[in-house]
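Worksheet: the structure to be examined is printed underneath.
The values are calculated or read from the model by the stated rules, or taken from the named source; none is laboratory data. Quantities reported herein were computed from a predicted structural model and do not represent experimental measurements. Positions of Cβ are backbone-derived with ideal geometry, glycine not excepted, and every protein chain shown enters the neighbour counts. Ligands, DNA and RNA are excluded from the accessible area calculation, which covers all protein heavy atoms including side chains. Shrake-Rupley method; radii C 1.70, N 1.55, O 1.52, S 1.80 Å.
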Amino acid sequence: MIARSLDQQTAGAIWNRIRAGQRNVLVRSIYAPEARILFDEISARSQSDHDLSQSIFRYLTDFERIIKEADTRDASGRTAQSHLVSETGRVYLFLAHAVGRIR
């Protein structure tokens, strides 16, 4: 469900803006209504559930490491872009937005 909350084209556009240094590019309204409910649940629950918060933190940190390594290995940025719009990248965007790591 989380990966389907953003399509690849939207995720790609968001990533391009983030990587260009733009801030406040993520808004709750980009998600479909059912995904907004999940967004709200994860946002609230991550504040009160330490285990969930830690799991999300690990996921986000691991994904950021993967992107950094991809950028190091492939100067063209194609590998990183591929990761960013993948299901894993779309989950990252959703979770990072839900917990306030990126906006």
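The figures follow:
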{"item": "Those residues of the range 36-48 which are under 17 Å from Met1 (Cα atoms) and in contact (Cβ under 8 Å) with a residue 40 or more places away in the chain, in sequence order", "result": "Phe39, Ile42, Ser43"}
{"item": "One residue from Leu26, Leu6 being touching a Phe, Trp or Tyr at 6+ places or on another chain (Cβ under 8 Å), among the aliphatic types (A, V, I, L, M) and surrounded by 12 or more Cβ atoms within 10 Å (Cβ to Cβ)", "result": "Leu6"}
{"item": "Cross-chain or 6+ apart pairs with Cβ under 7 Å, the range 49-63 first and touching a residue at least 12 places away in the same chain (Cβ under 8 Å), then surrounded by 11 or more Cβ atoms within 10 Å (Cβ to Cβ) and not in a helix (DSSP H, G or I)", "result": "Ile56/Val99; Leu60/Arg101"}
{"item": "Qualifying residue in the range 69-76 (condition: in a helix (DSSP H, G or I), at pLDDT 95 or above and open to solvent by less than 60 Å² (accessible area, probe 1.4 Å))", "result": "yes"}
{"item": "Those residues of the range 77-99 which are in a loop (DSSP other than H, G, I, E, B) and open to solvent by 30 Å² or more (accessible area, probe 1.4 Å), in sequence order", "result": "Ser86, Val99"}
{"item": "Search result, residues across the range 52-68 that are open to solvent by 30 Å² or more (accessible area, probe 1.4 Å) and not polar (S, T, N, Q)", "result": "Leu52, Phe57, Arg58, Tyr59, Asp62, Glu64, Arg65, Ile66, Lys68"}
